[in-house]
Amino acid sequence: LNNDGTPVEVIEVTGRYFGPEVLEAQGRIFLSQDFIENAPIGNGDITELLKGLPGIQSSEADNSLSSLTDIRSREVSISGGKAYQNGFFIDGMNVNSRIDPGSSSVATSSQNSVAGHTNEFFLNKDLVESITVYDSNIPVEYGEFVGGVVESQSKDAWDLPSVKLGYRGTSSDWVEFHDIYGDNAEPSESTFEKPVYDKHQYKLQLAKKLENGRGIGLNVNHTQSTQSIESLGVLEDTDSTNSNFMLKYDSELDWFDHLSVSALYAPFEDHDILNDTLNSDYTTKGGGYALNAVGHRNLGWADWKITANTRYCENSRTAPQDHFSWANVPGKDWADPWATVSKEGAYGDLDTQQITYSLNNKLDFDANFWELDHQFSMGLQLESQQIL
């Protein structure tokens, strides 16, 4: 009560910090499971979680209307570097693509190439337990980069729920767009094109805890996006699908202190058309599969970590082999009446594959001399990679 006897209203405000956890090492940011689960997302890919972190910048195209239906992983710049200059890892496995990674902005309808990407696979955040981002002071075991490093740790089999189902979705029917123009602007018909789209995402998690500290888990995520575009005077549906299937075995009672073996299948497929072109349906495919094994063992005199994996990814297109430009005359007059030609067909098939075999060993030593604690690391990496 106040001195005059009137009651005082007491308001108690409580809050919880939500943001990245910066560890003791300068240049390292740690994203916990709490951050990953609660961060606002669109597609839910791993790199989408990095937007807004210090020193990380996403593409301006991420804010465009076309990004609403693009379900490929977002590309990010770390400390001003190019997206393809970064190193991306999951469970110690490098997932950088060398199939023309600088051409991600190239149209999928390009005559002589298929748009590349920084990553071999478009991985969803539901696969991972934590993410560590390095923009400086990067550990020596990470190679094949000149920018920053993004290391993801997948969920252990025993950390997955016994059964979990999930669904997310959006649609242009659920969204209201507002046109904003300047005082003297007169909007034209093409000033603002409202997209027509649907996006659906399904997930399934299964886990079985076995005897003697072992477990097996399955993590499935499937995203489908459909967009309607106007071509030759009618609306045509185009669609993309991206799937993640990860089967993982974890054990703490084998010869290794912790052994993890995972099989990943992550295909991407896009069905599209050439605008205002008859019989131009084409399909682009990306993603692929990987088998990865990680073992940790304390040898007494050192901590040993071994990572062995094999990976396959593709970047291909299937399309009609011939492209024609017909004179816009009766019988060939499906184009706009004001056009001089009527187009038909597409630009043919293209196929590029990347096959990788990798073996990494790392030893960490602890020593004490001159009354100081010292840590030393040494390792060996063997890798074979083919691009066909």
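The values are calculated or read from the model by the stated rules, or taken from the named source; none is laboratory data. All figures in this text were calculated on a predicted structure; none of them were measured in a lab. Methodologically, a virtual Cβ is constructed for each residue, glycine included, from the backbone with ideal geometry; neighbour enumeration extends over all protein chains shown. Just the protein is used for accessible areas: all its heavy atoms, side chains included, with ligands, DNA and RNA removed. Shrake-Rupley method; radii C 1.70, N 1.55, O 1.52, S 1.80 Å.
Points to keep in mind about this one:
- Summed residue charge, Cβ within 9 Å of LYS51's Cβ, Lys/Arg positive, Asp/Glu negative: -1
- Between amide H atoms placed 1.01 Å from N, distances below 5 Å from GLY287 occur with PHE268, GLU314, all of them 5 or more places distant or on a separate chain.
- Solvent-accessible heavy-atom area per residue, rounded to whole Å², over segment 243-326 at 1.4 Å: 46
- The chain: relative contact order in percent, alpha carbon pairs under 8 Å with at least 6 residues between: 11
- Proximity of backbone amide H atoms, modeled 1.01 Å from N, is registered between SER154 and ASP91, GLU129 at under 5 Å, excluding neighbours fewer than 5 places apart on the same chain.
- Each Lys or Arg adds one and each Asp or Glu subtracts one; over the other residues with Cβ under 15 Å from the Cβ of ASN298, this totals -3.
- Label point 7 Å beyond Cα of THR283 along Cβ direction - residues of segment 329-358 with amide nitrogen under 17 Å: 346-352
- In the frame of its principal axes, segment 28-108 has Cα extents of 37, 29, 22 Å, reported largest first.
- Projected area, mean over directions - segment 226-332, Cα convex hull, nm²: 10.0
- The 3J(HN,Hα) values that the Karplus relation (6.51, -1.76, 1.60; θ = phi - 60°) gives for segment 37-52 are, in residue order, 6, 9, 5, x, 9, x, 6, x, 6, 4, 5, 5, 6, 7, 4, x Hz. Gly and Pro appear as x.
- Heavy atoms of HIS222: accessible area, 1.4 Å probe, square angstrom to 10: 50
- The label-point distance for ASN275 and ASN3, in a model that sets each label 7 Å from Cα toward Cβ, rounds to 7.4 nm.
- Computed over segment 275-388, Kirkwood Rh from alpha-carbon pairs, angstrom: 19.4
- DSSP assigns beta bridges within the chain; of those with both partners inside it, close to 95 percent run antiparallel.
- Computed with every protein chain present, the accessible area of THR241 is close to 40 Å² [probe 1.4 Å].
- Modelled spin-label separation between TYR312 and ALA107, with each label point placed 7 Å from Cα along the Cα-to-Cβ direction: 3.3 nm.
- Each peptide in 164-173, 226-235 was scored by the mean count of other Cβ atoms within 10 Å over its residues; highest first, the order is 226-235, 164-173.
- Using Cβ point charges alone (K and R +1, D and E -1), the dipole size of the chain about the Cα centre works out to roughly 1140 debye.
- For segment 110-170, the relative contact order is 32 percent, taking Cα pairs closer than 8 Å that sit 6 or more residues apart in sequence and dividing their mean separation by the residue count.
- When the surface is traced with a 1.4 Å probe over the full set of protein chains, LEU218 keeps roughly 50 Å² accessible.
- Ordered from highest to lowest accessible area with the whole protein assembly present and a 1.4 Å probe, THR6, THR356 read as THR6, THR356.
- Within a Gaussian network of the chain (alpha carbon springs, distance under 10 Å), most fluctuating of GLY287, GLY52, GLY92: GLY52
- In units of the rule-of-thumb radius 2.2 N^0.38 Å, segment 194-258 shows an alpha carbon radius of gyration of 1.91.
- Calculated FRET value between SER384 and PHE30, using beta carbons and R₀ = 25 Å, to 0.05: 0.20
- Rg/Rh for segment 240-288 stands at 1.39; both radii use Cα atoms, and Rh follows the Kirkwood definition.
- Listed residues ASN38, ASN368, ASN212, most fluctuating in the chain (Gaussian network, C-alpha, under 10 Å): ASN368
- Debye-sum result for segment 316-364 in log10 I(q)/I(0), which assumes one identical scatterer on each alpha carbon, at q = 0.15, 0.22, 0.28 Å⁻¹: -0.60, -0.82, -0.98
- Looking at segment 217-347, the DSSP beta bridges with both ends there are about 95 percent antiparallel.
- Per-residue Karplus couplings for segment 230-235, computed as 6.51 cos²θ - 1.76 cosθ + 1.60 with θ equal to phi - 60°, are listed in order as 8, 8, 6, x, 10, 7 Hz, Gly and Pro entered as x.
- Cα pair distances exceeding 38 angstrom across the chain, given as percent: 32
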